[in-house]
Amino acid sequence: MAQGERAGPGSDRPRGRRREREREERDSGGIVDKLVHINRVAKVVKGGRRFGFAALVIVGDQKGRVGFGHGKAREVPEAIRKATEAAKRNVIRVPLREGRTLHHDVLGRHGAGRVQLRAAPPGTGVIAGGPMRAVFETLGMQDVVAKSIGSSNPYNMVRATFDALKHQDSPRSVAARRNIKVSALQARRREGDTEATTE
């Protein structure tokens, strides 16, 4: 097909792109990617300005693994490809309670970006805005309440969210650090919850 035909008004490029993306997800073992932000950048050279694009991409398996990457190129698709590859190299594992929410409330910070993440009961959903929502959806988190307190720059927000997720501890890791059983640790937690409800 000629280039002019493919770019015509009656073309179904988005549908084809969606099919390509679904095929990529199946090939790469169910990895989901989300484009969070794309920015046009300019480099001043002798003859004037040279324009390029910077992309911020989040990838995850929706089962507790998530990563982010940044890529720059002269064309948008190449920038997205570079960012996706960088994100796949920087994947972290986040422990989730019951596979749906955080184990405890946590604060994250990067530069001027500050975020607060709170565990939520079943049915709450993902209450978060913009870049943070993309992180939680690719991570596979179903219930969380998040608030961005500082900068609204998507790069700072994403990095602050990842800083918070890196400080997330599971009962198993805490019990191993303290040399006690997980059941003893969770019994203390249940006692604390009952005291809080009776007050």
task = Could you pull out the residue among 66, 59, 44 that is among the aliphatic types (A, V, I, L, M) and touching an Asp or Glu at 6+ places or on another chain (Cβ under 9 Å)?
result = 59
message = Would you confirm, using the coordinates I've provided, whether residue 52 is in contact with a helix residue (DSSP H, G or I) (Cβ under 6 Å, 6 or more places away or on another chain) and modelled with pLDDT of 90 or more?
response = no
key: Per-region count, region 56-88, residues part of a helix (DSSP H, G or I) and more than 16 Å from residue 165 (Cβ to Cβ)   = 12
key: Verdict on residue 145 being at pLDDT 90 or above, over 27 Å from residue 71 (Cα atoms) and crowded, with 17+ Cβ neighbours inside 10 Å   = yes
task = For region 56-74, state whether one or more residues are free of Cβ contacts under 8 Å to residues at least 12 places away in the same chain and out of contact with any helix residue (DSSP H, G or I) (no Cβ under 9 Å at 6 or more places or on another chain).
result = no
query = Can you tell me which residues in region 129-150 are under 10 Å from the mean Cα position of the chain (by Cα), in a helix (DSSP H, G or I) and touching a residue at least 40 places away in the same chain (Cβ under 8 Å)?
reply = 131, 134, 135, 137, 138, 139
query = So which pairs qualify, if the first residue must be in region 151-174 and of a type in the set (Asp, Glu), the second must be surrounded by fewer than 20 Cβ atoms within 10 Å (Cβ to Cβ), the Cβ gap must be under 8 Å, and the two must be at least 6 apart or on different chains?
reply = 163/109; 169/95; 169/103; 169/104
request  = Go through (1) open to solvent by 10 Å² or more (accessible area, probe 1.4 Å); (2) of a type in the set (Val, Ile, Thr); (3) farther than 15 Å from residue 165 by Cα; (4) in contact with a strand residue (DSSP E or B) (Cβ under 7 Å, 6 or more places away or on another chain) and name the single condition residue 45 misses.
outcome  = (4)
message = Any residue at all in region 154-161 that's basic (Lys, Arg), surrounded by fewer than 16 Cβ atoms within 10 Å (Cβ to Cβ) and either modelled with pLDDT of 90 or more or in contact with a Leu (Cβ under 6 Å, 6 or more places away or on another chain) (or both)?
response = no
ask   = For region 119-129, which residues satisfy the criterion of being open to solvent by less than 70 Å² (accessible area, probe 1.4 Å) and among the β-branched types (Val, Ile, Thr)?
value = 124, 126
task = Could you grab me the full set of residues in region 100-118 that are open to solvent by 30 Å² or more (accessible area, probe 1.4 Å) and either of a type in the set (Lys, Arg) or assigned to a strand (DSSP E or B) (or both)?
result = 107, 109, 110, 114, 116, 118
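The values are calculated or read from the model by the stated rules, or taken from the named source; none is laboratory data. A quick note: this is a predicted structure, and the numbers were derived from the prediction, not measured. Virtual Cβ from ideal backbone geometry, glycine too; neighbours counted across all protein chains shown. These accessible areas exclude ligands, DNA and RNA; they are computed on the full protein's heavy atoms, side chains included. Shrake-Rupley method; radii C 1.70, N 1.55, O 1.52, S 1.80 Å.
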